[in-house]
Amino acid sequence: MKPVNHLYILSKGRVAAVNKKDGAIVWEIKLKEYHANSNGYNYGQISAEGDKLFVASSGILFCLRVKDGSLVWVNELKGWGYNFISMAGVANEPAAAAAAATQAAVTAAVITSAT
């Protein structure tokens, strides 16, 4: 798989892909184009996995294509309210495991050097 050179951002109901090298906006979409919501979409969370972007904002979950921000699906999460949504995905597990292993190694080194 080709390495991703984009950073994905969410602000004031807009999602954008930003080029990491020069900061240029590659594409930008407005979430209200995919789902009208009177609460706004002012804040939320994004998780990228493969060719999909998962955006959680104002109690609604969106799946977008990373290449252009086009909509794959939307889930209103009926009955959950319009609160902040915290996400974790399979793509995040290797990074979390590596971070935990690094922290364990640092802690072990500190303990060893202190004794």
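Quick note: the coordinates plus some simple rules give every number you see, no bench work behind them. Fair warning: this is a prediction, and the values are worked out from it, not measured in the lab. Here the Cβ positions follow ideal geometry from the backbone for every residue, glycine too, while neighbour counts run over all protein chains shown.
Here the mean projected area of the convex hull built on the C-alpha positions of the stretch 11-51 is 3.6 nm².
State which entries of Lys30/Lys78; Lys30/Lys67; Lys12/Lys78; Lys32/Lys78 exceed 19 angstrom in Cα-Cα distance in the structure shown. From the list (Lys30/Lys78; Lys30/Lys67; Lys12/Lys78; Lys32/Lys78), the Cα-Cα distance tops 19 Å for Lys30/Lys78; Lys12/Lys78. Put a dot 7 Å past the Cα of Asn42, heading toward its Cβ, do the same for Asn19, and the two dots end up 3.3 nm apart.
Cβ crowding within 10 Å ranks Arg65, Arg14 as Arg65, Arg14, fewest other Cβ atoms first.
Hull volume per residue, based on the alpha-carbon atoms of the stretch 6-89 and their convex hull, is 87 Å³.
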